[in-house]
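Student: I'd like to ask some things about the structure below.
The values are calculated or read from the model by the stated rules, or taken from the named source; none is laboratory data. Predicted model, so just to flag it, every value in this text is computed and none were measured. Using ideal geometry, Cβ is built from the backbone for each residue, glycine included, and neighbour counts are taken over all protein chains shown. We work out accessible area using only protein heavy atoms, side chains counted, and drop any ligands, DNA or RNA first. Shrake-Rupley method; radii C 1.70, N 1.55, O 1.52, S 1.80 Å.
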Amino acid sequence: MDILTFTTQQHWTTWFAVYLFLGGMGAAVVAVSFLTHMYLREEKELVMWGALSGVAMMVVGSGMLFLHLLNKWAIFYIVSPYGVFHKPDSWIAWGSQFIVWIQIAAVLYALPYMVEKPRLLGWPVIGNILKMPIVLQVAGVAKKIHPLLGWVGIVTGIGTAVYTGLLLQSFPAVTLWHNPAVPILFTVSAFSTAMAWLLIVMYTFIYHRVDHTIRALYERIDLGLITAELIIIFSFFNFTLSGSEGGYRSAEMLWGSNGWLFGFVLFGLIVPLAMEMKCVFGSWSGKVPIVTASLLVLNGGFQLRAYFMAAGIYAYPW
Amino acid sequence: MTHYAMVIDLATCVGCNACMAACSLENQTPVWADHWRTKVHDREVGDGHGITRRFIPRLCNHCDNPPCMTVCPSGATYKTKEGVVLVEVERCLGCGACAMACPYDARYPATSDDIDKGKEYYGKLQRKSPSMDKCSFCYHRLLKEGEPACVQTCVGYARMFGDLDQPNDPVTQMVRSGKARPLMAHLGTRPNVYYIPER
């Protein structure tokens with residue numbers, strides 16, 4: 001029978017884009033800061049900012065999903081490690097495990113540095129918690145298993161970023177989502193936004209406490225990631241232009257929208273790419289250009305997910 | 001073994017919606033939110049003097065490769081040995097992934113508000129907790145060797161229910177002859193609801 005209706009869904013709307021954005025970026029922030037700390041330079045400030053801001057992002061993102069659950073008590077079925085053994089074919093089951101374990105690993109990895117930081121110890125509630133003997137003991141144990149915690153954070157961080165794309169890929173009715181490029185696009189975007197966030201942190205909050213070579217490296221990596229994202233986006237455009245009516249309608253929605261064209265493609269990718277190139281290879285110096293470019297990248301990361309959710313077209317024969 | 005399937009004859013469906021009414025009373029669905037386990041879509045096709053009304057009943061296709069079951073993180077969606085896709089209500093988080101995965105728009109949320117309204121609407125309500133909901137082929141009736149309520153009530157015999165593992169079952173013969181065809185088979189869902197197109 002012929003397809004007669006083309007429509008979008010109303011189940012997962014903008015709030016879900018927030019979950020995908022903050023979940024992917026938070027996880028990538030943890031993975032990037034841990035990799036930097038373990039294999040480049042022991043940057044304690046960067047690790048603390050990466051771990052804690054990453055966890056905060058994932059808490060807010062997961063919170064969005066949790067608030068929209070119909071039966072919140074049933075969450076125990078997926079946060080317990082048994083969940084993934086019961087449903088190994090469900091990416092949400094894997095993603096839930098990744099998000100749980102990355103948060104545990106992130107807090108434990110940062111804890112030995114937190115208990116040594118006078119400024120944190122001076123804070124009203126957090127300072128008292130960090131001085132508790134049990135917390136100090138846990139920090140001691142965490143220090144001993146630091147490489148293990150680091151790798152748990154890195155693997156689950158990459159896993160979470162990939163999962164945000166695999167989740168959408170699991171829906172066969174929507175051409176825009178059900179293709180192998182989605183997990184790649186979302187992973188690249190997650191790491192690009194993570195780089196952007198960490199650049200903002202390093203250029204503002206901890207400018208004098210982080211080695212400049214780390215900032216320079218992140219800028220170069222982000223250049224590569226934005227370029228890769230542009231290539232994937234334009235190959236998506238080519239993919240959706242023919243092959244299925246649903247895909248074509250998604251392309252029409254996206255490329256006919258000023259928000260997608262200007263909000264995401266121009267000011268979320270092309271402009272920050274040009275600005276970062278000018279900073280890395282050109283004459284621009286100082287904090288303002290790179291922080292501005294990074295803010296645009298963050299905005300682009302959210303726009304990508306919001307438009308992707310909105311442009312998923314279902315085709316029905318009624 | 002038993003492999004349940006349904007055949008819907010689109011030439012015979014008159015769009016009376018009796019199936020929707022029977023289903024909603026049998027399964028106490030939140031009709032006030034326009035959520036139905038089965039819904040008859042009604043649209044005019046053609047133009048000028050050639051306009052005809054077209055009715056397409058839709059429901060869960062009880063796929064052999066159900067994407068809703070694959071994405072379900074808690075295992076609340078499962079398949080019985082007879083091929084019926086069911087939801088274990090207490091285990092369902094209500095995340096909505098199944099609704100996103102279903103190509104047949106067969107899933108909808110049954111919320112806490114719907115439970116409160118359902119008590120006023122239906123009196124004693126079977127449902128105790130919110131979850132995603134869907135057609136069950138009236139599995140509770142099948143266990144008593146009955147038919148789904150929509151099939152039993154269909155005045156034009158547009159809905160037929162049978163067992164694909166029984167070669168002499170009329171449903172099996174319609175499916176095997178190619179007269180009845182599944183919806184969107186290209187998606188690889190292997191649906192068990194088949195349609196005989198209008199002639």
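Student: Please compute the per residue accessible area over segment B:60-199 with all protein chains in place, 1.4 Å probe, rounded to a whole number of Å².
Tutor: Value returned for segment B:60-199: 45 Å² of accessible area per residue.
Student: Follow-up question, since we're still on this one. Add -39500 (n - 2.57) for each DSSP H run of 4 or more in chain A, then divide by its residues: what number comes out at 222 nm, to the nearest 500 deg cm²/dmol?
Tutor: After summing the helix terms and dividing by the residues of chain A, the value is -24000 deg cm²/dmol.
Student: Check every DSSP H run in chain A and write down those whose alpha carbon atoms cover 18 angstrom or more along the long axis and whose mean Kyte-Doolittle hydropathy is -1.0 or greater.
Tutor: Going by DSSP H runs, the hits are A:14-39, A:44-67, A:91-114, A:146-169, A:181-204, A:212-241, A:287-310.
Student: Suppose all protein chains stay in the model; what accessible area per residue would a 1.4 Å probe give for segment A:60-163, in Å²?
Tutor: On a per-residue basis, 52 Å².
Student: Once you list every other residue whose beta carbon is under 14 Å from the beta carbon of A:L241, what net charge do they have if Lys and Arg are +1 and Asp and Glu are -1?
Tutor: Residues near A:L241 contribute -1 overall.
Student: Can you pull out the buried accessible area for chains A and B, both sides counted, probe 1.4 Å, rounded to the nearest 100 Å²?
Tutor: Roughly 3200 Å².
Student: Still on this structure, please answer the following. Once you put a point 7 Å from the Cα of A:K287 and another 7 Å from the Cα of B:Q173, both along the Cβ direction, what distance in nm separates them?
Tutor: Roughly 8.2 nm, to one decimal.
Student: What's the angle, to the nearest 10 degrees (0 to 90), between helix B:18-27's Cα axis and the longest principal axis of chain B?
Tutor: 20 degrees
Student: Determine the shielding of peptide A:63-69 by partner chains: average, over its residues, the number of Cβ atoms on other chains within 10 angstrom of each Cβ.
Tutor: 2
Student: Okay, helix-only estimate at 222 nm for chain B: each DSSP H run of n ≥ 4 adds -39500 (n - 2.57), divide by all residues, round to 500 deg cm²/dmol; what do you get?
Tutor: Taken over chain B, the calculation gives -6000 deg cm²/dmol.
Student: Let me spell out the model: positive unit charges on the Cβ of Lys and Arg, negative unit charges on the Cβ of Asp and Glu, origin at the Cα centre of segment A:12-106. What dipole size does that give, in debye rounded to 20?
Tutor: That gives segment A:12-106 a dipole magnitude of about 180 debye.
Student: Next question, about the same structure. Take A:L69 and B:D47, extend 7 Å from each Cα along the Cα→Cβ direction, and tell me the distance between the two endpoints in nm.
Tutor: Distance between label points: 5.1 nm.
Student: Just to be sure I understand the interface: list residues from segment A:1-40 that lose 40 Å² or more of accessible area between the chain on its own and the complete protein assembly, 1.4 Å probe.
Tutor: Residues losing area: A:M1, A:L4, A:H11, A:W12.
Student: A follow-up question, please. What percent does the relative contact order of segment A:135-279 come to when contacts are Cα pairs within less than 8 Å and at least six residues apart?
Tutor: Relative contact order for segment A:135-279 comes out at 19 percent.
Student: Right, next: Tell me the carbon and sulfur percent of the accessible area for the protein assembly as shown, rounded to whole percent, probe radius 1.4 Å.
Tutor: The C+S portion of the solvent-accessible surface of the protein assembly as shown is 62 percent.
Student: What range in chain A is the longest one free of GluC sites (Glu not before Pro) that are in a loop by DSSP and have at most 14 other Cβ atoms within 10 angstrom?
Tutor: Excluding the exposed sites themselves, the longest stretch runs over A:117-318.
Student: Going toward the positive end of the dipole of segment A:78-233, with +1 on Lys and Arg Cβ and -1 on Asp and Glu Cβ, which of A:L217, A:Y113, A:G83 do you reach last?
Tutor: Highest projection toward the positive end goes to A:Y113.
Student: Sticking with this one: For segment A:171-316, report the accessible area per residue in Å² (1.4 Å probe, heavy atoms, rounded to an integer).
Tutor: Counting only protein heavy atoms, the per-residue value for segment A:171-316 is 39 Å².
Student: Quick one: compute the contact order of chain A, relative version, from alpha carbon pairs under 8 angstrom and 6+ residues apart, as a percent.
Tutor: 27 percent
Student: Can you give me the Cα centroid spacing of segment B:96-110 and segment A:134-213 in angstrom?
Tutor: About 30 Å separates the Cα centre of segment B:96-110 from the one of segment A:134-213.
Student: Longer than 27 Å from Cα to Cα, which of B:K81/B:K117; B:K39/B:K79; B:K81/B:K134; B:K39/B:K119 are they? Say none if no pair is.
Tutor: Pairs exceeding 27 Å: B:K81/B:K117.
Student: What number in nm² do you get for chain A if you take the convex hull of its Cα atoms and divide its surface by four?
Tutor: Mean shadow area of the hull around the Cα atoms is 18.2 nm².
Student: Can you check what the net charge comes to around B:N17, using other residues whose Cβ is under 10 Å from the Cβ of B:N17 (Lys, Arg +1; Asp, Glu -1)?
Tutor: 0
Student: Here is a follow-up. With a cut-off of at most 15 other beta carbons within 10 Å, and DSSP calling the residue loop, which trypsin sites (Lys or Arg not before Pro) in segment B:57-166 qualify? Please list them.
Tutor: B:K81, B:K124, B:K128, B:K144
Student: Quick check: net charge around B:A33, other residues with Cβ under 14 Å of its Cβ, Lys/Arg +1 and Asp/Glu -1?
Tutor: -1
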